[in-house]
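A.B. asks: Right, I'll just put the structure down here and ask away after.
Every read-out reported here was derived from the displayed coordinates using simple, explicitly stated rules and does not represent laboratory data. These numbers were taken from a predicted model, which means no experiment stands behind them.
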Amino acid sequence: MEVVRAVLPEWTERGDGAFLLTHGYSAARPIPHLSGVGPVMAAARNYLYSLNGELADTGVYAGTLAIGAMIERSEMAESATLAAADAEALVNFPATPSSR
């Protein structure tokens, strides 16, 4: 927000400018085990969508770019692999009839 506040007056006066924020895919679609960072990125994404609407007649654009990829052998990729394995294990876990 500080960056936007710093450049916005000049851009609106000039009638031209663009602010593009990149964020992870969990900002656009909730992903298990990313509940810490996803909502924060979603808030920034929603802020920019609203800002873009407010700037519609000024020639200034504010938008986002969602990146839906993981870096191989990163901590995040390993967590996602473990989460997928846990989910697969739960789906294939043999169920026993309940005795209720």
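A.B. asks: What's the extension gain from D57 to A43 if we count 0.36 nm per residue and subtract their Cα-Cα distance?
C.D. replies: Taking D57 through A43 to full extension adds about 2.7 nm, to one decimal.
A.B. asks: Residue by residue through the stretch 36-45, what is 3J(HN,Hα) from phi via Karplus (6.51 cos²θ - 1.76 cosθ + 1.60, θ = phi - 60°)? Round to whole Hz and write x for glycine and proline.
C.D. replies: Along the stretch 36-45, the couplings run x, 8, x, x, 5, 5, 5, 5, 5, 4 Hz.
A.B. asks: For a quick check: with amide H placed at 1.01 Å from N, whose amide H comes under 5 Å from G24's, ignoring anything fewer than 5 positions away on the same chain?
C.D. replies: Amide H neighbours of G24, under 5 Å, 5+ apart: I67.
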